[in-house]
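The structure appears right after this line, and notes come after that.
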Amino acid sequence: MVRDDVVEYSLDAHHSEEEGKKIRKKIAFVTVILSVVTIVEVAVGIYFPKSELSIGGWWAVKIGYIILTVVKAGYIIMVFMHLGDEHRNLRRMILWPYIIFILYLIFILSVEAIAINDAWTNLR
Amino acid sequence: MAGAASTEIDSATAWGGGWRSPFKVSYGKLMMWFFLVSDGLTFGGLLTSLGFAKFANPETAGDWPMGEQVFTHLPFTHAHAPLIYVAFMTFILIVSSVTMVLAVEAGHRMDKKGVIKWMLWTVVGGLIFLCSQVWEWSTFIAGYDGVISTWADNATLYHSPYGGEYTTVMEHGHEVKKMISHGPTLYANFFFFITGFHGFHVFTGVLFNALVLRNVIRGVYHKRGHYEMVEKVGLYWHFVDLVWVFVFTFFYLV
């Protein structure tokens with residue numbers, strides 16, 4: 001049975017030739033960003049290895065890696081997966097619970113790991 | 001009798017949530033997003049537990065391999081090339097993600113030829129990535145530095161293939177290499193589990209892409225009037241790329 005009360009959202013995504021050109025330009029732009037970020041990460045990995053860095057320097061590089069990774073992830077999710085173009089309800093429902101939960105997981109596991117490490121090192 | 005409660009309405013109106021989705025997407029796309037969120041939590045859990053293992057174990061943390069030294073081989077050479085091969089794999093996955101998004105874009109213009117072309121490239125990219133991973137894994141499992149040799153002891157895999165030293169011994173009249181120590185086992189366990197789980201996702205992604213490509217060629221989606229199925233497998237394929245971005249950082253860089 002064909003239901004006439006259901007909105008066919010699948011057709012909303014269609015776009016014209018000119019819009020397509022604009023979208024392809026955006027895709028090319030994001031491709032360049034992703035490639036450049038990857039090249040920067042690899043170059044830093046090759047020329048500034050952990051073994052040659054001070055503790056503080058390694059921390060800076062590490063934080064830099066994580067920031068670059070999140071930037072890459074953001075471009076992939078928002079542009080390639082079109083989440084940036086979706087309705088804000090969908091965007092928020094997907095991003096916020098995920099971000100909050102993962103941040104909590106990172107926090108609690110770091111605290112636990114440091115405590116266990118401490119117990120192994122000092123209490124034995 | 002006053003009040004809304006006394007008005008008789010049918011159940012479709014009461015429970016249907018109106019006739020519009022609050023998210024303004026089709027059912028299929030919404031369900032794909034739900035699946036990706038749950039899969040993302042799985043990978044998030046795995047990668048954070050990697051961090052947990054790293055920071056909780058002072059003993060293993062000592063010989064925890066440095067990111068850029070994890071994989072230094074290049075095919076057909078004996079060169080010491082940190083990160084180059086893995087960067088190549090990353091690049092392949094990014095490019096196949098780009099061709100996927102171009103296929104989706106072509107689908108929005110009802111350009112069947114374009115969809116076929118770009119999806120074909122996506123499948124090819126996925127296959128190249130899988131083959132690269134097979135080579136990487138086999139190099140790890142063989143355990144020797146870029147030398148193709150008889151697997152000296154069948155216990156190589158048991159001994160944790162990553163890292164370790166070997167010695168050359170005579171066996172059955174042949175000079176073969178035997179592992180005498182092994183690398184950080186905990187790291188290897190996480191490495192093979194997480195990259196393996198990701199590789200399995202790539203494998204199923206290639207499979208889904210190939211199936212959808214077949215339907216595109218047969219004109220199923222053109223007849224339907226929209227190429228949303230390409231968009232849905234595209235979401236999954238981008239997710240696979242997204243996971244690799246994190247795997248790359250936490251195994252090969254940090």
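Rule-based calculations on the coordinates, nothing more; no lab input. Since we're looking at a predicted model, the values are computed, not measured. Because the Cβ atoms are built from the backbone with ideal geometry, glycine has one as well, and the counts that use them run over all protein chains shown.
Summary table below
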item: Potential lengthening between A:VAL40 and A:HIS87 on full extension [0.36 nm per residue; Cα-Cα distance subtracted]; result: 13.6 nm
item: Gaussian network model of chain A, springs between alpha carbon atoms under 10 Å - residue of A:GLY56, A:GLY84, A:GLY74 with greatest fluctuation; result: A:GLY56
item: When each of A:LYS22/B:LYS232; A:LYS26/B:LYS24; A:LYS21/B:LYS117; A:LYS22/B:LYS223; A:LYS22/A:LYS72; A:LYS72/B:LYS24 is checked by Cα-Cα distance, pairs over 19 Å; result: A:LYS22/B:LYS232; A:LYS26/B:LYS24; A:LYS22/B:LYS223; A:LYS22/A:LYS72; A:LYS72/B:LYS24
item: Overall Cα dimensions of segment A:18-85, principal axis frame, Å, largest first; result: 52, 19, 11
item: Projected label distance in nm at A:HIS15 and A:LYS62, using a 7 Å step from Cα toward the beta-carbon; result: 4.1
item: In nm, spacing of pseudo-spin labels at B:ARG224 and A:PHE48 (7 Å Cα→C-beta vector); result: 4.7
item: Cα gyration tensor shape of chain A, rounded if a/c is under 1.5, else prolate or oblate by comparing a/b with b/c; result: oblate
item: Tensor-based shape of segment B:22-122 (alpha-carbon gyration tensor, a/c under 1.5 rounded, otherwise prolate or oblate); result: oblate
